[in-house]
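Inspection log for the structure reproduced underneath, given as C-alpha cells.
The values are calculated or read from the model by the stated rules, or taken from the named source; none is laboratory data. Just so it is clear, the model here is predicted, and its values are computed rather than measured. When we count neighbours, we look across all protein chains shown, and the Cβ atoms used for this are built from the backbone with ideal geometry, even at glycine.
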Amino acid sequence: MSIQGQLFSYNKQNPVELGKVSWLRNYDDALKASAERNQPILILFQEVPGCGNCTTFGNDIMSHPLIVEVIESCFIPLCIYNNQGGHDKKIIEKYKEPAWNNPVIRIVDKNGMDIVERQPDFRFKSKTIFSIKEALMASGQEIPKYIEILLLETNVLDNKKAEEFYLGMYCFWKGEKEIGVINGVIGTEAGYMFGKEVVKIVYDTDRTNMDDIITKAKKAGCADAIYAPIQKKDTKNHILPVGTYRKDPEDKYYLTTSKYKVIPMTLLQKTIVNRAISIGEDPSVYLSPRQLSVLRDKKSTKNQTGNNIVDVWYK
C-alpha cells in the first residue's frame, strides 16, 4: 500500500474486460474449489477481446473495489470466454449461453446449478450487486453491511433517483451529523453559500422528499435557510434559488478528525461513518475487511475523505 494515493494491487495481466477480479479460468477447478470452500461460483461469461460494452463492464463494474472484494471473498470467481473454442465453448454450450455476447453473470452451487436468476444486465452496478446479495442469501451467507450500503447508493445513482438541495444553519458540522441519519439521505457535504454555512444534501426520491428532510432538519435546528434549484424565490415555502457553492476543507468533520480518514469510502459510507463517529458508535461495521486493513498500514496517513474510492484504491 502507498500513502501517495493508490492502496491495493491487482492482477495487471487481466484483460480489460475482466476488471480487477482474480478469476479462475477452468470450470472443473471452480467446482472443486466451491466444494472445498463451501462457497458458490460466480461465473462471468465475457467476450475477450470484447466490444465497448464488454470493456466498460470490466473497467467499471468489475473494477469497483467493494464489488471485487465481495466476489473474491464470498464466491469462487470463474470467467468463461464466450468467443473462444475448447474448454470455454464447452461451458457456454452447457449453460446455453450465446457466443460473442455482452457480459452475463450466473451464480451456481458446487454442482453447477443456478442459485439465482441469470443476470444479463451489464449496464448498472446495482443489478450486479443485487444478484450478489440474492446469492449470498440463497447460500446461507451473511450479507456484509458494506454491500447493503453499496446497493442502496448504486440503485439511486443508476436509476437517476438522486436529487439535491442545500440547508443553511449556524453549524454545518452539526448539520451533517443530524441530516446524515435521515432515511433516504445518501450524501451530505459541508460548505458555504452566500457567505453562510450550508449542508449540501443528496437524497433518494424513492425513499424520502425535500419536505420530509426539511421538517426533520428543522426539529434538529439545522434548517435556517433553504436553497434549491429553482428559478426564483418561493415565498410560500421559504425556498431560495441556489447560489455559488464552495465546499468546506473540513467536510465530514468527525470523519476527517478520526483515524478512519485514511480509508477510501463511497459517498454513503462517508455520511454513515461520519454520523457514527459523532455519536460514539463503532463505524467499523459499515466498512469492508479490506477497507479496515488500511488502518493497520502505518504508511497510510493521507486523508481520503475528499476522494472517490475508485480513484484511489488501486496501484
Check off (1) surrounded by fewer than 21 Cβ atoms within 10 Å (Cβ to Cβ); (2) outside any strand (DSSP E or B) for GLN291 and give me the number that stays unchecked. (1)
Check on TRP23, within 24 Å of LEU136 (Cβ to Cβ) and free of Cβ contacts under 8 Å to residues at least 60 places away in the same chain: yes
Here's a check for you: in the stretch 154-175, which residue that is closer than 23 Å to LEU66 by Cβ, of a type in the set (A, V, I, L, M, F, W, C) and touching a strand residue (DSSP E or B) at 6+ places or on another chain (Cβ under 6 Å) is surrounded by the fewest Cβ atoms within 10 Å (Cβ to Cβ)? ALA162
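Collect the residues in the stretch 58-91 that are in contact with an Asp or Glu (Cβ under 7 Å, 6 or more places away or on another chain) and farther than 18 Å from VAL108 by Cα, keeping them in residue-number order.
Taking the stretch 58-91 first, the residues in contact with an Asp or Glu (Cβ under 7 Å, 6 or more places away or on another chain) are 58, 80-83.
Result: GLY58, ASN83.
Condition (residue is of a type in the set (Lys, Arg), in contact with a strand residue (DSSP E or B) (Cβ under 6 Å, 6 or more places away or on another chain) and crowded, with 18+ Cβ neighbours inside 10 Å) applied to the stretch 176-185: is it met by at least one residue? So that I can check it myself, show each step before the final result.
Of the residues in the stretch 176-185, the ones of a type in the set (Lys, Arg) are 177.
Those left that are additionally in contact with a strand residue (DSSP E or B) (Cβ under 6 Å, 6 or more places away or on another chain): none.
Checked against the condition, which is being of a type in the set (Lys, Arg), in contact with a strand residue (DSSP E or B) (Cβ under 6 Å, 6 or more places away or on another chain) and crowded, with 18+ Cβ neighbours inside 10 Å, the stretch 176-185 yields no hits at all.
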How many of the residues making up the stretch 254-285 are closer than 22 Å to TYR203 by Cα and basic (Lys, Arg)? 2
Out of all the residues in the stretch 256-267, is one or more within 16 Å of ILE149 (Cβ to Cβ) and in contact with a strand residue (DSSP E or B) (Cβ under 7 Å, 6 or more places away or on another chain)? yes
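So that you can scan it fast, the table gives a plain yes or no per residue for (1) under 29 Å from the mean Cα position of the chain (by Cα); (2) crowded, with 20+ Cβ neighbours inside 10 Å; (3) over 21 Å from ALA138 (Cβ atoms):
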| site | (1), (2), (3) |
| --- | --- |
| GLU72 | yes, no, no |
| GLN84 | no, no, yes |
| LYS89 | no, no, yes |
| ASN101 | yes, no, yes |
| VAL104 | yes, yes, no |
| LYS110 | yes, no, no |
Tally time: how many residues in the stretch 226-261 are among the small types (Gly, Ala, Ser), within 14 Å of VAL198 (Cβ to Cβ) and either at pLDDT 95 or above or surrounded by 16 or more Cβ atoms within 10 Å (Cβ to Cβ) (or both)? 1
Within the stretch 17-47, residues hydrophobic (A, V, I, L, M, F, W, C), assigned to a strand (DSSP E or B) and crowded, with 22+ Cβ neighbours inside 10 Å come out as ILE41, LEU42, ILE43, LEU44, PHE45
For the stretch 262-275, how many residues meet the condition of being surrounded by 22 or more Cβ atoms within 10 Å (Cβ to Cβ) and either over 18 Å from the mean Cα position of the chain (by Cα) or not in a loop (DSSP other than H, G, I, E, B) (or both)? 8
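Has the stretch 61-70 got at least one residue that is of a type in the set (Gly, Ala, Ser) and more than 30 Å from ASN308 (Cβ to Cβ)?
The first filter runs over the stretch 61-70 and keeps only residues of a type in the set (Gly, Ala, Ser), leaving 63.
Then keep just the ones that are more than 30 Å from ASN308 (Cβ to Cβ); that gives none.
No, that holds for no residue.
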Going residue by residue through the stretch 194-201, is there one that turns out to be charged (D, E, K, R) and crowded, with 19+ Cβ neighbours inside 10 Å? yes
Would you mind finding the one in SER139, SER126, SER131 that is farther than 22 Å from ASN53 by Cα, surrounded by 16 or more Cβ atoms within 10 Å (Cβ to Cβ), polar (S, T, N, Q) and modelled with pLDDT of 95 or more? SER139
Of the conditions (1) more than 16 Å from the chain's Cα centre (by Cα); (2) at pLDDT 95 or above; (3) not charged (D, E, K, R), THR301 clears all except one; give me its number. (2)
One residue is enough: does the stretch 62-76 have a residue meeting the conditions part of a helix (DSSP H, G or I) and of a type in the set (S, T, N, Q)? yes
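Working only within the stretch 125-152, note down all residues that are β-branched (Val, Ile, Thr) and in contact (Cβ under 8 Å) with a residue 12 or more places away in the chain. Break it down into steps so the answer makes sense when it comes.
So the first thing to find is which residues in the stretch 125-152 are β-branched (Val, Ile, Thr), and the list is 128-129, 132, 143, 147, 149.
Selection gives THR128, ILE129, ILE132, ILE147, ILE149.
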